[in-house]
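So the structure is just underneath, and the comments pick up after that.
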Amino acid sequence: MTTTRFPAAGTNGINGIKALRDGVRGPVLLPGDEGYDDALAGFQTASRHRPALVVGAEETADVRAAVGFAAARGLPVAVQATGHGLSVVADGGVLIVARRMREVRVDARARTAWFGAGVVWGQVVEAAAPHGLAPLSGSAAGVGAVSYTLGGGIGLLARQFGYAADQVRGAEIVTADGASRYVTAQSDPELFWALRGAGHNFGVVTGLEVNLVPVDRVFGGGLYFEGALVEDVLRTYAGWSTAVPEEMTSSVGLIAYPDLPQLPAALRGRYAAHVRIAFNGDAAEGERLVAPLRAIGPRLVDDLGELPYSEGESIYKDPPFPHAYTGTNAMLRELDPAALGAVRELTGPDRPLMTVVDLRHLGGALSREPAVASAVGNRDARYILRVITMLDGPDDIEQARRTQERVLEVLAPWTTGSSLPFLYGDGERAGEEQTRTGYAPDAYRRLRELKARLDPANLFRFNRNISPAPAPASPAPAPTPTPRNAASHI
Ligand SMILES: Cc1cc2nc3c(=O)[nH]c(=O)nc-3n(C[C@H](O)[C@H](O)[C@H](O)COP(=O)(O)OP(=O)(O)OC[C@H]3O[C@@H](n4cnc5c(N)ncnc54)[C@H](O)[C@@H]3O)c2cc1C
C-alpha cells in the first residue's frame, strides 16, 4: 500500500490553510500547534495517526471543506472517531477528527435514530432507552456507532436482529468530490449496498439513520469458570450453541486476568473462561436455557440475571480505558474441538503476552441477507474466533503476530474469511489480501468498481482499503475495412 509523506511542521508545502481555517467551525491544526497531539488521541494507544493537518470537524460543512481541501491538493484523507478500530496509520495527509459531531435524535414513533459521526453507542442507547427501544449496539458503550455500523456491527443481540448494517435506513456521506449526499436504497442503490459492510472506503459518513428494536430488558451477564474447566466449557459451548434460539446471543472469552484491585477478588490473577449471555426473552426461559452451561461446574462469578438493555455493557466488561493491542480473527463454518484445544495452548496463561480469546456465536439473523442486500460478507460463518493481544511496547508486536498467525493457521480448514472491523493494527502489513477476506469475491469486484467510480485517486485509503478497479483497457482500434476489391489494387 502507498503512503504519502508530507512536511511534518509548519504550513510548508500546503497552501490555503488560512482560508480553510476561516471556512470551518472546528479547529484546523498543524504539527506543533497546541491541541494537535490531543486531537490524535484515541482508544488504541499502540499507534497514532501522523497527519500533516488535522480538521476537528463540528458539522458536515467542515467535513466537506476538509475533503475538498485535501482533494484539490491530492492529499489522502483519514478519519478518526474514537480510535477503537485504528488499523492503518495515516502518515501525512489530512485527518478528519469526527468526535465533535455528537448529535443523536430518536424518533420513538418511527422507531429510528439519527446519529452523527462522533457519537458513541452509549449515547444512542441512553437516548433510545426511555422509549423502550434499543440500537444494535455492541459490547462496549464507548465504540463509535457510525464506524461500527459501516463495518457490519455484531451486537449484543446480533443473532436475533442481524448486523447493525442491516438496520441502516440512510447515510449522509461526503464523497471524494467534496459533495454531501443522503444515500438510501432508492437514491443510490449501489452506494447504499456498499456503505453497509464496506462504508469506510467511500467517503466520510457524517451521520446514519437506523432502525431501533423494541428491547427494554434482557436476561444477561456472565458465567466465569476457572482455568481447569476451560476445555469443558469450550466442548459444552460448541454443542449447546447449536441448539439455542435466535433470541440467545452469546460468546466465550478466555482471559488471564491481571492481579488488579478493581477486579472481583475471585478473578484476580486467574485464568478463566467467561461465558457472556444476552437473551431477549423472559428470565425464567433464560435460566432454563443456560442450565447446561451452569452444569459444567462451579462458577468463580455468576452474575446472570435480568437487566436493562442500557446496562448491556456490563455483559462483556470490556476495559473502558485506552490501551495498546493488536487483534485478528477467523470467521468459522463450525467449531472443531481439536482446533479449539490448539488455540487454547497457543494463547494460554503461561504465554509471555496477555492474549484474550473471544469466541462469538453467529448464525441466526446474521446469516440472512436483509431485504435490501448489503456488502457484508461471510454470512455463512457460524462463529467468529478473535485473538486480541495486549502490547506493553513495540517489541511485543512481532511475538503477537507470530501467535496470531499460528492461530489462524490452526483454524484455516474451517475459516470462511475475516471480520474487518475486528482486525486491530497491522493494516499496512496485511494489506489488501486480508481485506478481500471480508467479502464474497463478486462483492469485492463490485466494491472495487464502485471505488473506481467514486474515489479513483483512493483519497480514502487509511482503512481496510479496497483499491479502485483499474480502468478498463481502451478498446482496440477497429480494423481499417479492407476494400472489397482490394486484390484488384495490388
Ligand atoms: C473494546 C472494543 C469493543 C468492540 N466491540 C465490538 C462489538 O461488540 N461488535 C462489533 O461489531 N465491533 C466491535 N468493535 C470493533 C469496532 O466496531 C470497530 O473497531 C470500529 O471501527 C470502531 O469505531 P471507531 O469509532 O472507534 O473508529 P475509529 O478507530 O475512529 O476508525 C476506524 C475506521 O473507521 C473509519 N471511520 C471512522 N469514522 C468514519 C466515518 N464517519 N466515515 C467513514 N469512515 C470512518 C476510519 O477511517 C478507520 O478506518 C469493538 C472494538 C473495541 C476496541
Which percentage, to the nearest 5, of the DSSP beta bridges contained in the range 17-97 is antiparallel? 20 percent
List every residue whose amide H lies under 5 Å from the amide H of Ser137, counting only residues 5 or more places away in sequence or on a different chain, with H placed 1.01 Å from N in the peptide plane. Leu156
Relative contact order of the chain: what whole-number percent is it, with Cα pairs under 8 angstrom and at least 6 residues apart? 16 percent
Range of Cα positions in the range 17-97 per principal axis (Å), largest first: 34, 25, 24
Per-residue HN-Hα couplings for the range 352-358, Karplus 6.51 cos²θ - 1.76 cosθ + 1.60 at θ = phi - 60°, whole Hz, x for Gly and Pro? x, 9, 5, 10, 9, 9, 10
Over what distance in Å are the Cα centres of the range 182-219 and the range 235-285 separated? 30 Å
Residue by residue, what Karplus-based ³J(HN,Hα) values in Hz, rounded to whole numbers, does the range 19-25 have, using 6.51, -1.76 and 1.60 with θ = phi - 60° and x for Gly and Pro? 4, 5, 4, 5, x, 10, 7
Using 7 Å Cα-to-Cβ label points, what is the Thr45/Ala295 separation (nm, one decimal)? 4.5 nm
Work out, step by step, the length gained on full extension between Phe321 and Thr242: first 0.36 nm times the residue separation, then minus their alpha carbon distance; give nm to one decimal. 25.0 nm
Sketch the reach of a paramagnetic label on Arg169 as a point 7 Å from Cα along Cα-to-Cβ, and name the residues of the range 85-126 whose backbone nitrogen lies under 18 Å away. 103-117, 124-126
What residues from the range 199-243 fall in the zone where the backbone N is under 15 Å from a label point 7 Å along the Cα-to-C-beta line of Asp107? 208-213
With unit charges on the beta carbons (Lys and Arg positive, Asp and Glu negative) and the dipole taken about the Cα centre of the range 50-182, which residue among Ser147, Gly116, Ser137 sits farthest to the positive side? Ser137
Once amide H atoms are built 1.01 Å from N in the peptide plane, which residues 5 or more positions from Arg169, or in another chain, come under 5 Å H to H? Glu209, Val210, Asn211
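Read the figures in this text as sums done on the coordinates, not as results from a lab. Computed from a predicted model, the values in this text were never measured in an experiment. No Cβ is skipped: glycine too gets one built from the backbone with ideal geometry, and neighbour counts run over all protein chains shown.
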